[in-house]
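Coordinate-derived values only; no laboratory data. Values in this document were obtained by computation on a predicted structure and should not be read as measured data. Heads up, the Cβs are rebuilt from the backbone with ideal geometry, glycines too, and the neighbour counts pull from every protein chain shown.
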Amino acid sequence: MVALAALAPFSVLRSEMPAWIAWPLAVVACVWGLWLSIREARRPNLQLTVDPQSGATVSGRPVHGFAIDWRGPLLFLSWSDAGGRRQRRSVWPDVLDARTRRELRLAASALDAVREGGPMAP
């Protein structure tokens with residue numbers, strides 16, 4: 001993310017924007033990108049546990065409305081914490097190894113099967 005923040009001013013300066021707008025915008029893009037990367041680096045790591053019977057826990061706390069969304073190699077997690085606030089995390093492919101990703105896929109499919117209910121119509 002730091003690399004993107006460092007490259008942002010170059011992309012702004014290479015655009016066809018007038019120089020009097022491009023230079024301040026390049027500085028703002030760099031500072032904003034660095035601030036975002038520092039904020040993300042300070043965000044605490046989470047420990048995720050998915051159990052089809054008891055539901056999901058994040059860092060040892062039970063959560064509500066836990067959902068996993070796969071979009072190609074990217075993984076998007078969302079849940080509601082005890083205060084009812086919606087939390088979201090994105091997981092890039094290099095964070096989890098192949099074994100852990102497969103284990104998470106299997107646990108997520110089992111969680112969805114439990115959540116769907118029985119085979120009978122109401």
Quiz item: In debye, nearest 20: dipole of the chain around its Cα centre with unit charges on the Cβ of K, R (+) and D, E (-)?
Solution: 200 debye
Quiz item: Which of these values of Cα extents along the principal axes in Å was calculated from the structure shown: (i) 35, 33, 32; (ii) 66, 33, 29; (iii) 52, 36, 24?
Solution: (ii)
Self-check item: Rough spin-label spacing in nm, given labels placed 7 Å along Cα→Cβ, for Asp69 and Arg105
Solution: 2.0 nm
Quiz item: Could you give me the ³J(HN,Hα) list for segment 75-88, computed from phi with Karplus coefficients 6.51, -1.76, 1.60 and θ = phi - 60°, whole Hz, x at Gly and Pro?
Solution: 10, 10, 10, 8, 6, 10, 7, 4, x, x, 7, 7, 10, 9
Quiz prompt | Chain lengthening between Asp97 and Ser78 when straightened (0.36 nm per residue, less Cα-Cα) | solution = 4.8 nm
Practice problem: Find how much the distance from Leu36 to Trp20 grows on full extension, using 0.36 nm per residue of separation minus their present alpha carbon separation; answer in nm with one decimal. | Solution: 3.2 nm
Exercise. Would you grab the residues whose amide H sits under 5 Å from the one on Gln87? Only those 5+ places off in sequence or on another chain, please, with H modelled 1.01 Å from N.
Key: Trp79, Ser80, Asp81
Quiz item: Label points 7 Å out from Cα along the Cβ direction at Arg85 and Arg61: separation in nm?
Solution: 0.9 nm
Quiz prompt | nm² value of the averaged projected area, convex hull over the Cα atoms of segment 2-42 | solution = 2.4 nm²
Quiz item: So what's the back-of-envelope 222 nm ellipticity for the chain, counting only DSSP H runs of four-plus at -39500 (n - 2.57) apiece and dividing by all residues, rounded to 500?
Solution: -15500 deg cm²/dmol
